[in-house]
Every structure is written in structure tokens, then in C-alpha cells.
Amino acid sequence: MATYRQVGRLLGISARLSRPLAVCGYQSAGLHWLSHNIGVSNIWPQNPHWVVPGRTMFVQTQDTPNPNSVKFLPGRTVLESGTMNFDGPRDAFCSPLARQLFRVDGVKSVFFGSDFITITKVDANLEWNVIKPDVFAAIMDFFTSGLPVVNEDSKPNADTAPSDDDDEVVAMIKELLDTRIRPTVQEDGGDILYRGFEDGIVKLKLQGSCTSCPSSIVTLKSGIQNMLQFYVPEVESVEQVKDEDEEMGAQV
């Protein structure tokens, strides 16, 4: 009978062949998912064409399932690997780009992916058309400055790939997260990090657009939990974990 590692490797292959998993709005562990991937849309302004001395730069936006978060695509690499999350200005000490973005009035948090930047605004009543011009300008100015996105001594979030120290159950959970779940979460402007497995409970941390997404609980319970239980019977439930700063922010 195949071991968990063997099944995990097979899943890694099947993940590349099967239809992508949708994020905020999963439906049942039978692998029938409601897609909320919208594609590159909501371009502001229409077909933006920012002319910079000596070069031309296109910045596009993409909606996310979270109405308070928008992906900005500068058309160039943001991070070579991994992701980085900045919950507030004091977390941005290691990133010149994040510091510049937090200077924009109305920016609550900043998230970096491989080729995108997710901006979350502070107030649902604050219109995006008020924030976007300044965010576009900040991104454009930064990428023409020649500064690094993050300082050399800073490291992006480690991915959830299985390691030699993991037992078979944890390795299987990480394999599913890394190959089937995280790529689609990142398509929607966020990320999910593995934070442990204890007494049948998988602990996950949401980042980027997923942090305050209205459908994040549905995503965890009706999507990720069902999928993990489908392949790993040892999984009883999935829970979201938050840092102290996030807990305090949620209470304000």
C-alpha cells in the first residue's frame, strides 16, 4: 500500500494537471470548487500607461475576493521566491518599497508575491479611486529608483514544502498546502502558512487579502478543511491562528 509520501508525490503531479482550486468560496471535499479568480480586471485608469523618463511602465490592478484588498501588478518581479506580509508601518523596516507604500494615506497593510503587491485599505468606506493614484505613483517611483524591494538580510516567508523532519501525516498536509492550496490563494492576493498540527487540528495563518476577507472562514472550513480531510483522515479540523498584533487590531 502506498505511503503518505508516495501519495503526496502523486498529488504534486496531479495538481499540475488538474483544474486549479478556487480560494474564497470553496465547495465540498469532492473537489468541486467555486472559482472567484477574476483575472486581470478593474484596470485603473483604463489601460494605464505611465510614461517614465527613459522607459515605459504599465501597472495593472486585479480585484480579489476581499473588497478591501486589491492586487497591483507592476509587470516585473517583486520577490524572487516566497511571500512577505507587512501588517503595518513598523513591520516595513526591512523593505524600502513597503515603507513607501505605507506613506500613502489609507493603506492598512501590504503584501508581496512573486509578481504582485496586494494593498489592503483601512476603511471599507474609503473609495479605491481615492487611494489608487497615490499607490500607482509610489510603485512607479520605487521601481525607477533602483532600490531593492527588501533588504539583503531579509528573508521571505518559508514555503510549506515537506522537510525530512516531518512525519508522514505532516508531510502529506504540507504537500497539499504547497501544491494545491497556496498557489490559488496567492492568485487571489494572499497566502496561507502552516503553523502546526496537534490533536487532529491543522493550524494555519492567513495573510494578504485573506486576512480580513469576509469569506475567509468559509474558505477554511468548507474548502481547505474538507480537502485535507479527504486525503488525510487524521485531520479533524482546521483553525486560523493570529499574531498578538492582529488580535489587537481586530478588537479596535
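The values are calculated or read from the model by the stated rules, or taken from the named source; none is laboratory data. As the structure is a computational prediction, the values presented were derived from the model and not from experiment. A quick note on method: Cβ atoms are made from the backbone with ideal geometry, for glycine too, and the neighbour counts reach across all protein chains shown.
Just checking, does the stretch 59-71 include any residue being surrounded by fewer than 19 Cβ atoms within 10 Å (Cβ to Cβ) and more than 25 Å from THR184 (Cα to Cα)?
The answer is no, given that none of the residues of the stretch 59-71 is surrounded by fewer than 19 Cβ atoms within 10 Å (Cβ to Cβ) and more than 25 Å from THR184 (Cα to Cα).
Regarding the stretch 84-105, can at least one residue be identified that is touching a strand residue (DSSP E or B) at 6+ places or on another chain (Cβ under 6 Å) and at pLDDT below 90?
no
Does LYS203 qualify as being modelled with pLDDT under 80 and either not in a helix (DSSP H, G or I) or not aromatic (Phe, Trp, Tyr) (or both)?
Criteria not met by LYS203.
For the stretch 189-200, check the following and say yes or no: at least one residue is touching a helix residue (DSSP H, G or I) at 6+ places or on another chain (Cβ under 9 Å), touching a residue at least 40 places away in the same chain (Cβ under 8 Å), part of a helix (DSSP H, G or I) and crowded, with 17+ Cβ neighbours inside 10 Å.
no
List pairs: first residue in the stretch 218-232 and in contact (Cβ under 8 Å) with a residue 24 or more places away in the chain, second residue in a helix (DSSP H, G or I) and small (Gly, Ala, Ser) anywhere in the structure, Cβ distance under 9 angstrom, at least six positions apart or on different chains.
Taking only residues 6 or more apart or on different chains, the pairs are TYR231/GLY8.
Under 7 Å between Cβ atoms, which residue pairs at least 6 apart in sequence (or on different chains) link something in the stretch 112-133 that is touching a residue at least 12 places away in the same chain (Cβ under 8 Å) and in a loop (DSSP other than H, G, I, E, B) with a partner that is of a type in the set (Ser, Thr, Tyr) and crowded, with 18+ Cβ neighbours inside 10 Å?
The qualifying pairs are GLY113/THR83.
When residues of the stretch 97-111 are filtered for being out of contact with any Ser or Thr (no Cβ under 8 Å at 6 or more places or on another chain), not in a loop (DSSP other than H, G, I, E, B) and not charged (D, E, K, R), how many remain?
Here the count works out to 5.
Can you pull out the residues in the stretch 134-147 that are surrounded by 12 or more Cβ atoms within 10 Å (Cβ to Cβ) and not in a helix (DSSP H, G or I)?
Residues satisfying the conditions are THR144, LEU147.
Yes/no matrix, rows are residues, columns are (1) closer than 23 Å to VAL241 by Cβ; (2) hydrophobic (A, V, I, L, M, F, W, C):
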{"residue": "ASN125", "(1), (2)": "no, no"}
{"residue": "LYS132", "(1), (2)": "no, no"}
{"residue": "PHE142", "(1), (2)": "no, yes"}
{"residue": "MET172", "(1), (2)": "yes, yes"}
{"residue": "LEU176", "(1), (2)": "yes, yes"}
{"residue": "ARG182", "(1), (2)": "yes, no"}
{"residue": "GLY189", "(1), (2)": "yes, no"}
{"residue": "GLU198", "(1), (2)": "yes, no"}
{"residue": "LYS203", "(1), (2)": "yes, no"}
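Collect the residues in the stretch 108-133 that are surrounded by 22 or more Cβ atoms within 10 Å (Cβ to Cβ) and of a type in the set (Val, Ile, Thr), keeping them in residue-number order.
Hits for the stretch 108-133 are VAL110, ILE117, THR118, ILE119, THR120.
For the stretch 183-209, how many residues meet the condition of being touching a strand residue (DSSP E or B) at 6+ places or on another chain (Cβ under 6 Å) and among the charged types (D, E, K, R)?
4
Look at the stretch 60-74 and say how many of its residues are farther than 23 Å from SER154 by Cβ and part of a loop (DSSP other than H, G, I, E, B).
Number of matching residues: 5.
What number of residues within the stretch 211-252 satisfy the criterion of being over 18 Å from the mean Cα position of the chain (by Cα), buried (at least 17 other Cβ atoms within 10 Å of the Cβ) and modelled with pLDDT under 85?
1
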